[in-house]
Amino acid sequence: MRALERSHQFQPGTKLDRWLFSILNSIWKNEIRSQKIRQGAGFVDAEEVLKTDGAAQVETNNLARQVLEEVQTLPEVQRVTIFLVYAEGLTYMEAAEALDVPIGTIMSRLAAGRAKLGQLNQDGSKARQKTGQGK
């Protein structure tokens, strides 16, 4: 929803997945700030809370890229449902209302999407082990 609301800010020629990830990153940082405030820590700078070493950040960025690539392979209905529930934080009921489908359909799409992502992850791990890239 946030990407759709801010679609006018997207600059043609840039990578859509990077633009979407920056939106998700912003949402995540805002959530961390609000959690700290709710826990009584007052206002905090998310950048201070999220300081990490460079290697960990690179690994996180690589993982996020891999997840986005795998999610992009899902059928559109599963991909949209996953983004609404996991990225935007909608409840199953809210997602069902947004997509105008029964809540059972949301649950089914999420289960199918998770199963497919799990299979992709297993297949990718096996391929990396065969090439000597896995742990």
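The numbered conditions (1) in a helix (DSSP H, G or I); (2) within 19 Å of Gln119 (Cα to Cα) are all true for Leu74 except (1).
Table: residues versus (1) of a type in the set (D, E, K, R); (2) modelled with pLDDT of 90 or more.
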position: Val80; (1), (2): no, no
position: Val85; (1), (2): no, no
position: Ile106; (1), (2): no, yes
position: Arg109; (1), (2): yes, yes
position: Leu117; (1), (2): no, no
position: Ala127; (1), (2): no, no
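Can you find even one residue in the stretch 80-92 that is of a type in the set (Val, Ile, Thr), within 13 Å of the chain's Cα centre (by Cα) and under 13 Å from Asp17 (Cα atoms)? No, the stretch 80-92 contains no residue that is of a type in the set (Val, Ile, Thr), within 13 Å of the chain's Cα centre (by Cα) and under 13 Å from Asp17 (Cα atoms).
The test for being closer than 25 Å to Ala3 by Cα, of a type in the set (Ser, Thr, Tyr), modelled with pLDDT of 75 or more and surrounded by 14 or more Cβ atoms within 10 Å (Cβ to Cβ) does not hold for Thr91.
Kindly evaluate Val101 against the criterion of being surrounded by 11 or more Cβ atoms within 10 Å (Cβ to Cβ), modelled with pLDDT under 70 and among the hydrophobic types (A, V, I, L, M, F, W, C). Criteria not met by Val101.
The values are calculated or read from the model by the stated rules, or taken from the named source; none is laboratory data. No experiment lies behind these values; they were computed from the predicted model shown. Note that we place each Cβ from the backbone using ideal geometry, even for glycine, and neighbour counts take in every protein chain shown.
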